[in-house]
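Notes for the one structure printed next.
The values are calculated or read from the model by the stated rules, or taken from the named source; none is laboratory data. For clarity, every value in this text was computed on a predicted model and none was experimentally measured. Backbone-built Cβ (ideal geometry, glycine too); neighbour counts: all protein chains shown. Just so you know, the surface numbers come from the protein's heavy atoms only, side chains and all, with ligands and any DNA or RNA stripped out. Shrake-Rupley method; radii C 1.70, N 1.55, O 1.52, S 1.80 Å.
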Amino acid sequence: LRMYELSRDEWEIARQLREVLKVFKDATLFFSRSTPNLATVIPAIDHIDKILTTASLEDQSKYDPAIRVACGLATQVLHKYYSLTDSSSLYRIAMILHPRHKLSYFKKLKWPDAWQRTA
């Protein structure tokens, strides 16, 4: 059975993977507690994007190259599905009508002026 034992490097990669995947666990638990609405989906996607993008661009001392590449690929998939929200104005309407967000959410994230006007 020793041949199946993980090396120290493999344990470190597993630890790094757990750290990066925690954002998905947190999102799953958040949306499982109550009924999600459109105004909570966009900020959640933005948060996941920030975590994955940061992990994919970290210097080599923080994450193994395999973790950084996986995070980069996950970011591409996330962007593919996030871009689908552009095809429905409901997401932007929900954000603007939400008492906590309104246009300040778009300004805070520094969306281009044209995107804010469209919203």
(Q) Per residue of region 52-62, what does 6.51 cos²θ - 1.76 cosθ + 1.60 with θ = phi - 60° give for ³J(HN,Hα)? Whole Hz please, x for Gly and Pro, Karplus curve as stated. (A) 5, 5, 4, 5, 6, 9, 4, 5, 5, 6, 8
Q.
Taking the full set of protein chains and a 1.4 angstrom probe, give the accessible area of V69 in square angstrom, rounded to the nearest 10.
A. 90 Å²
Q) Using a 1.4 Å probe, how large is the accessible area of D86, given in Å² and rounded to the nearest 10? A) 100 Å²
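For region 65-119, what number results from the quotient of the Cα radius of gyration and 2.2 N^0.38 Å? Could the numbers behind the result be given before it?
On the way: Rg = 14.2 Å, N = 55, 2.2 N^0.38 = 10.1 Å.
Expressed relative to 2.2 N^0.38 Å, the Cα Rg reads 1.41.
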Q. For labels at T54 and K110 in the simple 7 Å Cα→Cβ model, what's the distance in nm?
A. 1.6 nm
Q: Can you send over the solvent-accessible area of V77, 1.4 Å probe, protein chains only, in Å² to the nearest 10?
A: 80 Å²
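Calculate for the chain the 222 nm mean residue ellipticity that helices alone would give, adding -39,500 (n - 2.57) per DSSP H run of length 4 or more and normalising by residue count, nearest 500 deg cm²/dmol.
Working: 6 runs with 84 residues, N = 119.
The helix contribution divided over the chain gives -23000 deg cm²/dmol.
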Q) Beyond 16 Å, what share of the Cα-Cα pairs of region 11-64 remains, rounded to the nearest whole percent? A) 48 percent
Q. Past the 22 Å Cα-Cα mark, which pairs from K50/K80; K22/K62; K25/K50; K50/K110; K80/K110; K50/K107?
A. none
Q) How big is region 1-113 in terms of Cα radius of gyration and Dmax, in angstroms? A) 17.6, 60
**Q.** J(HN,Hα) series, region 12-20, from Karplus relation 6.51 cos²θ - 1.76 cosθ + 1.60, nearest Hz, glycine and proline x
**A.** 5, 4, 4, 5, 5, 4, 4, 4, 6
